[in-house]
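First comes the structure, then the notes that go with it.
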Amino acid sequence: MLAADPGASIASIATEAGVDRRTVYRRFASREELLAAIYESRVTAIEEAIEDARLREAPITVALHRYVENIITVNRTWPVDLTRMLAHDTVRNRRDACIEEVDTFLQRATHEGLLRPELPHGWASALLPQLMHLVSRQLPELSAAQAADVVVDTLLRGLGAS
């Protein structure tokens with residue numbers, strides 16, 4: 001609901017959830033506290049997605065597909081406004097650590113010959129999240145695994161016919 005309307009009130013959120021707004025307020029003292037809990041849940045899901053993908057030890061293609069599939073699931077489960085999410089220091093710091101982990105993995109993929117080394121520095125790191133975001137929103141009819149196939153194929157082969 002907050003993804004569709006970031007300004008949604010606690011009362012409308014409670015109604016959508018089928019509970020009284022007092023129930024929401026018993027758990028969260030304010031709308032900001034509710035949002036902070038949502039942001040924490042999203043970043044925790046991202047951390048779990050990275051851990052599950054085994055980016056440091058799994059074969060590159062296996063880890064890449066697993067990571068992309070997991071993040072597509074996170075994007076679809078927690079479609080929150082990332083700009084607002086990153087305004088929270090602790091969440092931003094945890095997300096930055098996740099980005100570093102993925103960047104290290106993409107460097108490994110380059111060193112192992114899966115990604116072209118002549119690409120501009122950071123290009124794969126910038127492109128991958130955009131592809132995952134795009135497929136999460138534009139191709140909702142695909143399962144997370146099918147959507148990951150599209151992202152991985154696009155990342156590794158590009159759009160060219162050759």
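Working only within the stretch 128-140, note down all residues that are touching a helix residue (DSSP H, G or I) at 6+ places or on another chain (Cβ under 7 Å) and not in a loop (DSSP other than H, G, I, E, B).
Within the stretch 128-140, LEU128, LEU131, MET132, HIS133, VAL135, SER136 qualify.
Within the stretch 26-57, how many residues turn out to be under 21 Å from LEU131 (Cα atoms) and outside any helix (DSSP H, G or I)?
2
Scan the stretch 67-126 residue by residue and report those that are closer than 22 Å to GLN146 by Cα, assigned to a helix (DSSP H, G or I) and open to solvent by 70 Å² or more (accessible area, probe 1.4 Å).
ARG76, THR77 - these are the residues of the stretch 67-126 that are closer than 22 Å to GLN146 by Cα, assigned to a helix (DSSP H, G or I) and open to solvent by 70 Å² or more (accessible area, probe 1.4 Å).
Can you tell me which residue in the stretch 17-35 is surrounded by the fewest Cβ atoms within 10 Å (Cβ to Cβ), limited to those that are of a type in the set (D, E, K, R) and farther than 23 Å from HIS88 by Cβ?
Per the criteria, the residue is ARG22.
Can you name every residue in the stretch 31-78 that is in contact with a Phe, Trp or Tyr (Cβ under 7 Å, 6 or more places away or on another chain) and small (Gly, Ala, Ser)?
ALA37, SER41, ALA45, ALA49, ALA53, ALA63
Suppose we keep only residues that are part of a helix (DSSP H, G or I) and without any contact (Cβ under 8 Å) to a residue 12 or more places away in the chain within the stretch 141-157. Which one would you say is least open to solvent (accessible area, probe 1.4 Å)?
Per the stated criteria, the residue is ASP153.
Within the set of pairs 6 or more residues apart or between chains, which connect a residue that is within 11 Å of ARG31 (Cβ to Cβ) inside the stretch 1-15 to a residue that is open to solvent by 50 Å² or more (accessible area, probe 1.4 Å) and not in a loop (DSSP other than H, G, I, E, B) with Cβ atoms less than 6 Å apart?
Taking only residues 6 or more apart or on different chains, the pairs are ILE10/ARG21; ILE10/ARG31; ALA11/ARG21.
Checking the structure you have, find out if any residue of the stretch 58-65 is outside any helix (DSSP H, G or I) and over 30 Å from LEU115 (Cα atoms).
no
Which pairs turn up if I take residues in the stretch 36-59 that are within 13 Å of ARG94 (Cα to Cα) and look for partners that are outside any helix (DSSP H, G or I) with beta carbon separation below 8 Å, at least 6 apart in sequence or on another chain?
Filtered contacts from the stretch 36-59: TYR39/VAL80; TYR39/HIS88; SER41/TRP78; ARG42/TRP78; ARG42/VAL80; ALA45/TRP78.
Just one of the numbered conditions (1) farther than 15 Å from ASN70 by Cβ; (2) open to solvent by less than 80 Å² (accessible area, probe 1.4 Å); (3) under 17 Å from the mean Cα position of the chain (by Cα) is not true of ARG137; which one?
Against the list (1) farther than 15 Å from ASN70 by Cβ; (2) open to solvent by less than 80 Å² (accessible area, probe 1.4 Å); (3) under 17 Å from the mean Cα position of the chain (by Cα), ARG137 comes up short only on (2).
Here are ARG137, ARG108: which of them is at pLDDT 95 or above and among the basic types (Lys, Arg)?
Only one candidate qualifies: ARG108.
Of everything in the stretch 36-58, what is open to solvent by less than 60 Å² (accessible area, probe 1.4 Å) and touching a Cys at 6+ places or on another chain (Cβ under 8 Å)? Give them in sequence order.
Selection gives VAL43, ILE46, ILE50.
The values are calculated or read from the model by the stated rules, or taken from the named source; none is laboratory data. Nothing here was measured: the structure is a model prediction, and the numbers come from that model. Reconstructed Cβ throughout: ideal geometry from the backbone, glycine too, with neighbour counts over all protein chains shown. The area values use the complete protein model at the heavy-atom level, side chains included, leaving out ligands, DNA and RNA. Shrake-Rupley method; radii C 1.70, N 1.55, O 1.52, S 1.80 Å.
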